[in-house]
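Here's the structure we're looking at; comments come further down.
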Amino acid sequence: MIIVIKKHTDKDRVDALLKKLNGMGVNAVITQGESFDTLNVIGDTTKIDEQSFKAYDFVESVKRISAPFKLASDKTQKVIKVGNVNFGKDFVFIAGPCAVESEKQIVELAQDLKNAGANILRGGAFKPRTSPYSFQGLYDEGIKLLLKAKQQTGLPIISEIMGVSQLDLFCDVDIVQIGARNMQNFELIKNVATLNKPVMLKRGLANTVTEWLLSAEYLLSNGASDVILCERGIRTFETTTRATLDLTSVPYLKDTTNLPVIIDPSHAVGVSKFIKPLALAGASVGADGLMIEVHNDPENALSDGAQAVTSAQFKDIVDNVKQLLNAIK
Ligand code: PEP
Ligand code: MN
């Protein structure tokens, strides 16, 4: 970290800042410049809030050199085993309905998805809907039905948790999803971290990659060791699609972190016919897998029917993505 200070600042004031830095467990070396002096801070600055130094009127600017997300920026390749697949090593296909609607729906679909090449079954039991009048999910019953589908197909399951009161219900869920709207619900994140199971952290609708990684850091520093990131599109000035799929985050994240990165084209684009091209794009920019919403009967889905593909369309996507991955290997 570099703290730029005004020249000719009273020595006592600079000494007070140096003392404060010492108290934070770091040292600083002063370099005299032409127009400004700089304090080159040496040591672990992870826990230091660089903004706090701007409270000193002689501090011109502060520049962080190392990332504020120390655990998330560890470069040792992380492999997260869930069922028969290894995130970070195998390309993973996660598929399922937006919401679990009935036993017949989820069990039949799970079997079709398994046959089509899905590795993990998704399904929302607690749905974060924009309108309070929209279908909110089946709650506890939804989790029970997902577990039934898991039992019958052997597919591991992923579902979104919306509140701390739901923690016990997720004991047998293989991956706990923290949705876009809860990416900065730090109390929820800290509690989910203690579950000691894989967590998929979706990017918030209006969050930067750094904020997203700091939320991942919350998980990692509170006990979660297996964190998977999911890019699901962000809100931009563009309104022709549901969101804008930020594919640029993938190579950046692969370069900066050791965490597997999944692309969710469904929530990004919101239109079923555009899922395939975006799935192919996600695979080609280096994502570790895809999460795709699939429904047995999209026209009658209780949520997100417009973006749901059928299992036949999902199979076509899987086949094409596999061909692409083979071609660019
Ligand atoms: C979901 O995956 O079910 C979901 C609600 O997605 P997001 O949090 O990305 O909107
Ligand atoms: Mn959905």
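The values are calculated or read from the model by the stated rules, or taken from the named source; none is laboratory data. The shown structure was predicted, so the numbers you read here are calculated from the model rather than taken from an experiment. Positions of Cβ are backbone-derived with ideal geometry, glycine not excepted, and every protein chain shown enters the neighbour counts. Just the protein is used for accessible areas: all its heavy atoms, side chains included, with ligands, DNA and RNA removed. Shrake-Rupley method; radii C 1.70, N 1.55, O 1.52, S 1.80 Å.
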Checklist line | Overall form of segment 74-181 per C-alpha gyration tensor (a/c, 1.5; a/b vs b/c) | finding: oblate
Notebook entry, point to check: Which value results when the Cα radius of gyration for segment 2-63 is divided by 2.2 N^0.38 Å?
Noted result: 1.01
Item checked: Gyration tensor (alpha-carbon) shape descriptor, segment 80-327, a/c threshold 1.5 -> rounded
Notebook entry, point to check: Between THR194 and THR76, what is the FRET efficiency for a Förster distance of 25 Å, r being their Cβ-Cβ separation, to the nearest 0.05?
Noted result: 0.60
Checklist line | Accessible area of HIS295 in the full protein assembly, 1.4 Å probe (Å², nearest 10) | finding: 10 Å²
Notebook entry, point to check: Gain in length, LYS54 to PHE36, computed as 0.36 nm per residue apart minus the alpha-carbon separation, to one decimal in nm?
Noted result: 5.0 nm
Note to self: What are the ³J(HN,Hα) couplings of segment 181-198, residue after residue, when phi is run through the Karplus curve with 6.51, -1.76, 1.60 and θ = phi - 60°? Round to Hz, x for glycine and proline.
What the structure shows: 6, 10, 4, 10, 8, 5, 5, 5, 4, 4, 6, 5, 4, 6, 5, 6, 9, x
Item checked: Top positive-direction residue, dipole computed over the chain with Cβ charges, set THR257, ILE234, ALA55 -> THR257
Check: Among ALA206, ALA55, ALA312, which one shows the biggest mean-square fluctuation in a GNM of the chain, springs joining Cα atoms closer than 10 Å?
Finding: ALA55
Next item on the list: Could you give me the radius of gyration and the Dmax of segment 159-205, taking only the C-alpha atoms into account and expressing both in angstrom?
Entry: 9.5, 28
Checklist line | GLN111-PHE237 FRET efficiency (beta carbon distance; Förster radius 51 Å; 0.05 resolution) | finding: 0.75
Check: Ranked from the most accessible area to the least, with a 1.4 Å probe and all protein chains present, what is the order of CYS171, CYS230?
Finding: CYS171, CYS230
Margin query: If I stretch the segment between ALA67 and TYR133 completely, what's the gain in nm (0.36 nm per residue apart, minus their alpha carbon distance), one decimal?
Written below: 19.6 nm
Check: Can you give me the Cα centroid spacing of segment 164-220 and segment 79-122 in angstrom?
Finding: 20 Å
Item checked: Order of exposure, largest accessible area first, which applies to ILE234, ILE80 with probe 1.4 Å -> ILE234, ILE80
Next item on the list: Could you point to the residue in LEU213, GLN105, ILE275 farthest towards the positive end of the chain's charge dipole, with +1 and -1 charges on the Cβ of Lys/Arg and Asp/Glu respectively?
Entry: LEU213
Margin query: Need one word for segment 235-329: rounded, prolate or oblate. Basis is the Cα gyration tensor (sqrt eigenvalues a ≥ b ≥ c); a/c below 1.5 gives rounded, then a/b vs b/c decides.
Written below: oblate
Notebook entry, point to check: Leaving out ligands, DNA and RNA but keeping every protein chain, what accessible area does LYS150 have, in Å² rounded to the nearest 10, with a 1.4 Å probe?
Noted result: 60 Å²
Checklist line | Nonlocal amide H pairs with ILE228, under 5 Å, H built at 1.01 Å | finding: VAL199, MET200, LEU201
Note to self: Springs between alpha-carbon pairs under 10 angstrom, Gaussian network model over the chain: which of ASP264, ASP44, ASP246 fluctuates most?
What the structure shows: ASP44
Next item on the list: Enter the accessible area of THR76 (Å², nearest 10), with the probe set to 1.4 Å and all protein chains included.
Entry: 90 Å²
Note to self: Can you give me the C-alpha center-to-center distance between segment 279-329 and segment 11-47, rounded to a whole angstrom?
What the structure shows: 52 Å
Check: FRET efficiency for ASN22 and ASP297, Cβ-Cβ distance as r, R0 = 41 Å, nearest 0.05?
Finding: 0.05
Item checked: Value of relative contact order over segment 80-327, rounded to a whole percent, pairs C-alpha under 8 Å and six or more apart -> 18 percent
Check: At 222 nm, what helix-only mean residue ellipticity would the chain give, in deg cm²/dmol to the nearest 500, using -39500 (n - 2.57) for each DSSP H run of four or more?
Finding: -9500 deg cm²/dmol
Notebook entry, point to check: Using the heavy atoms of the protein chains alone and a 1.4 angstrom probe, what is the accessible area of the chain per residue in square angstrom?
Noted result: 46 Å²
Notebook entry, point to check: For THR240, THR38, what's the largest-to-smallest order of accessible area, 1.4 Å probe?
Noted result: THR240, THR38
Margin query: Given Cβ point charges of +1 (Lys, Arg) and -1 (Asp, Glu) and nothing else, what value in debye, to the nearest 20, does the dipole of the chain about its Cα centre take?
Written below: 400 debye
Next item on the list: Have a look at TYR252, TYR133, TYR218 and tell me which one the Gaussian network model of the chain (Cα, springs below 10 Å) gives the largest fluctuation.
Entry: TYR133
Checklist line | Dipole moment magnitude, nearest 20 debye, segment 2-63 about Cα centre, only Lys, Arg, Asp, Glu C-beta charged | finding: 80 debye
